[in-house]
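Here the structure comes first, spelled out in structure tokens, and everything after it is commentary.
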Amino acid sequence: MNSLQLKNSIIRKISQIDDADQLKMILEHIEPIHQKAIDRAGKIPMLSNNKSDINNDKENFNEYIKEWLKEM
């Protein structure tokens, strides 16, 4: 099964449960797993591409241009 099939299977099974206590128990198990996924996603290093520390929304391509000019 791929992840989409697994998600759909879990959703179908949970949607059939009407007992609030059982649903709370499921939520208590899902929350820590969900939080770990969020924490892990926040720690994944992204390619910074020499972004300026002053203005993080603009990339600094000076080093790439210098290397490209050296190779020409």
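The values are calculated or read from the model by the stated rules, or taken from the named source; none is laboratory data. These numbers were taken from a predicted model, which means no experiment stands behind them. Virtual Cβ from ideal backbone geometry, glycine too; neighbours counted across all protein chains shown.
A compact table of results
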| quantity | calculated |
| --- | --- |
| Pairs with Cβ under 7 Å, 6+ apart, first in region 19-31 and of a type outside the set (Phe, Trp, Tyr), second in a helix (DSSP H, G or I) | 26/14 |
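Each row is one residue, and each column tells you yes or no for (1) in a helix (DSSP H, G or I); (2) modelled with pLDDT of 70 or more; (3) out of contact with any Phe, Trp or Tyr (no Cβ under 8 Å at 6 or more places or on another chain).
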site	(1), (2), (3)
1	no, yes, yes
12	yes, yes, yes
29	yes, yes, yes
41	yes, yes, yes
54	no, no, yes
67	yes, yes, yes
